[in-house]
Amino acid sequence: MTRKRPDYTEARNYYIKGERNEYPTLQDIATEFNYSLSTLRKQAANEGWLTKRKERIDLKETIKMRKEFMGKASKLTNVSFNAISAAEYIINKIQEDQKQIELGNKIFDVHIATKQIWALNNAMKLVERGQQTLDEIENGHMSPFDDISFL
């Protein structure tokens with residue numbers, strides 16, 4: 001008479017998946033399912049339970065990290081759009097001032113012109129950096145491992 005082999009499916013799933021981020025030991029499972037610990041250890045080793053558990057935990061961590069990154073990337077996208085909008089506003093205001101000077105409604109002042117040139121240069125740098133950041137996000141060149149701590 002042959003003995004029926006025990007079904008380890010439930011024990012395997014419990015060991016690999018755990019419950020609420022808590023993972024039982026083989027001793028815990030042997031006790032709960034009334035299995036021999038040595039038999040359970042052999043079964044777990046033969047089927048690679050520990051490796052599967054580690055892979056699952058790593059996958060969960062990767063998913064969590066990617067979600068956090070996507071949140072930061074979304075914030076970074078908004079910051080970049082806002083920076084570009086602010087730079088365009090500054091450029092438009094300087095262009096309006098120049099138009100007023102050309103029409104004779106405003107007096108040309110070399111100090112103001114110097115400040116405007118400085119502001120235009122910085123606004124253009126801001127637009128370029130914002131656009132570069134948006135391009136990197138859109139093209140997938142930023143990864144969860146990049147340093148975006150400046151957010």
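The numbers here are math on the coordinates, done by the rules we state, and not lab data. A quick note: this is a predicted structure, and the numbers were derived from the prediction, not measured. Cβ atoms come from the backbone with ideal geometry, glycine included; neighbour counts cover every protein chain shown.
A few remarks follow.
- Ratio of Rg to Rh over the chain (Cα coordinates, Kirkwood Rh, two decimals): 1.46
- Potential extension, Lys60-Asn46 segment - 0.36 nm per residue separation minus Cα distance: 2.6 nm
- Within the chain: Cβ-based charge dipole about Cα centre, in debye rounded to nearest 20 (Lys, Arg +1; Asp, Glu -1): 940
- Most mobile of Ile112, Ile91, Ile137 in a GNM of the chain (Cα contacts under 10 Å): Ile112
- Within the stretch 51-78: backbone nitrogen closer than 19 Å to the Asp28 label point (7 Å, Cα to C-beta): 51-61
- Net charge contributed by nearby residues that have their C-beta within less than 13 Å of Asn46 (K/R +1, D/E -1): +4
- Straight-line cross-link reach from Lys93 at under 15 Å between alpha-carbon atoms covers these aspartates and glutamates, not counting any fewer than eight positions away in the same chain: Glu102.
- Cβ-based charge dipole, the stretch 1-54, positive-most Cα from Ser38, Gly48, Tyr14: Gly48
- All lysines inside 26 Å of Lys54 as judged from Cα atoms, apart from same-chain residues fewer than 8 positions distant: Lys17, Lys42, Lys64, Lys67
- Using the Cβ of Lys106 as centre and a radius below 11 Å, the other residues enclosed give a net charge of -3, where K and R count +1 and D and E count -1.
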